[in-house]
Each structure stands twice: as C-alpha cells, then as structure tokens.
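Asks: The structure's right below; bear with me while I get my questions together.
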Amino acid sequence: IGCRDGKDVIVEAADGYRYASRMVGKYESNKTVPKALIPLRSVSKFAGLPGEGYVLGISNAYVGVKNGSCIAYSRTNSGDFPDVRSNLPTKFDVVVRLDRDEFTRTMSVAQVYADESYRSSEVEISPTGMKIKANTGGSGEYVGRIKAIKGKGKKVEFLLDSKGLADFAAMSKGHVTMACKEGLNPIVMKDDSDKDFVYVVWPLVKRKEGQL
C-alpha cells in the first residue's frame, strides 16, 4: 500500500507471474505517506470489514483500517515492493478489446483442459481477436476463439498460465482490453468498467515458431 504522486492511494499485489494494481482512494494529508508491505492474510481481514467506506492509516510499523466502529490493524513487513508499475511497457505490438462474457466463458473452459501441473496454454493475440489452445493427455484439446470488438497492431504469440487469465475473467465486470509486446514482455490487461485497476501477467516461456 502506498501513495502515487502524493495523492492517489495505491494497493499493489504480486506473486511472481502476476501483478495487480488499483487506486482505492485519495490521500487527505500534507504529510509524506510511507509505503507499507502487509501480509496477504491482513488484506483479507481488511476486506472482511462490514460497510463500504474506509479510513486508512499508514505508519512505518503499522497499517490500520477503520470503518465506523470496526478497526483492524496489521504490522507491516520489512523490505521494498518491486516498482512494477513504472516499468510496464508503454508501447505495444497489439492492443485488442474483447467481450467480457466471451472472455470469461472461454477462460473457464480452457482451465478445464489446461495441464494441471503446468497450466500453460498457447495464446495468440491479433487485431481480429484472441485464440487460446489448451490440452492435456487426459482431457484432450480445446481451442477457443474470441472475436475482437476493436483491435490494432500485429499478431503476437506466447504461452500463459491459464489460471492468471481465468482469475482476471472472474474479477472483471466490463469488456477486457489486452495490450501485448513480443517476447517475454508482460501482458497488460484492463477492465473497461474500472479505470483504476491494472492487471499484468508474464509469459511462461517464449513460443516456438509455428507451434500454434
């Protein structure tokens, strides 16, 4: 949890192959806000507080959240959170907008067919849409296609963890925008209904020519 440009309160999370960032409010003090690392369990505790409005307090040792008469505290962890957001690509080889319902339905089926131990799926993004191929020895092969609402750029191919895509599908409420570059660059995903939310997944391995 930290502050961007001295005004926006940002919550970030990462697990090694996914990253998520959301602006959750405005900072109303003239003092400098320290950034704080807090355990995932504490985030779940804060999210479980009743009500909709929260008052957030950050110090060098604690983070506190208050909602009415309910108050929750968490001791912060030591260390620095990687500055992922400022290092994300700003130019992309392809940007495509996809229907949220089609994306969610396709990712749900791909999850069933993706390899349980590796969960990798072959993904192709182009201005005309998205193609995903998942296959296991036991379940067979699934190829899903989503037609783009809008797109520009060129075709890009890579391997992705299908769970990362399925998790974003479960969180999104609006149409999905995906922005990609060739190679092992992160894929930036946004929910059209929530301009403050950014979700990022990293390719697992570089695709071989002609694999899909």
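The values are calculated or read from the model by the stated rules, or taken from the named source; none is laboratory data. As the structure is a prediction and not an experimental result, all values here were calculated from the model. Here Cβ is always computed from backbone atoms with ideal geometry, including for glycine, and neighbour counts include all displayed protein chains. Remember, those area values only see protein heavy atoms, side chains included, never the ligands or the DNA or RNA. Shrake-Rupley method; radii C 1.70, N 1.55, O 1.52, S 1.80 Å.
Asks: Under 5 Å between amide hydrogens, which residues at least 5 positions from ASP93 or on another chain qualify, with H placed 1.01 Å from N in the peptide plane?
Replies: CYS180, LYS181, GLU182
Asks: While we're looking at this one, here's another question. Given R₀ = 25 Å, FRET efficiency for GLU182-LYS26 by Cβ-Cβ distance, to 0.05? Provide the component values of the computation, followed by the final result.
Replies: Values: r = 38 Å, r/R0 = 1.50.
Using R0 = 25 Å, I get an efficiency of 0.10.
Asks: Still on this structure, I have one more. Once neighbouring chains are kept in place and the probe is 1.4 Å, which whole percent of the accessible area of region 133-198 is contributed by carbon and sulfur? Don't jump to the answer; show the numbers that get you there.
Replies: Details: 1510 of 3210 Å².
About 47 percent, which is the carbon plus sulfur part of the accessible surface.
Asks: Let me ask something else about it. I'd like the Karplus ³J(HN,Hα) series for region 157-169: coefficients 6.51, -1.76, 1.60, θ = phi - 60°, whole numbers in Hz, and an x wherever there's a Gly or Pro.
Replies: Result, rounded to whole Hz: 10, 6, 9, 10, 6, 5, 5, x, 5, 5, 5, 5, 4.
Asks: Here's another thing I want to ask about it. Label-point separation (nm) for LYS91 and LYS195, each offset 7 Å from Cα along Cα-to-Cβ?
Replies: 2.6 nm
Asks: In nm, to one decimal, how far is the modelled label at ALA170 from the one at GLU141, with both set 7 Å along Cα→Cβ?
Replies: 2.9 nm
Asks: Where a ≥ b ≥ c are the square roots of the eigenvalues of the C-alpha gyration tensor, would you call region 119-175 rounded, which needs a/c under 1.5, or, failing that, prolate if a/b is larger than b/c, or oblate?
Replies: On the way: a/c = 2.08, a/b = 1.34, b/c = 1.54.
Since a/c reaches 1.5 but b/c is at least a/b, the shape of region 119-175 is classed as oblate.
Asks: On to the next question. Based on the Cβ-Cβ distance from TRP202 to ALA72, what FRET efficiency comes out when R0 is 35 Å, to the nearest 0.05? Numbers along the way, then the final one.
Replies: Working: r = 32 Å, r/R0 = 0.91.
Working from the Cβ atoms, E equals 0.65.
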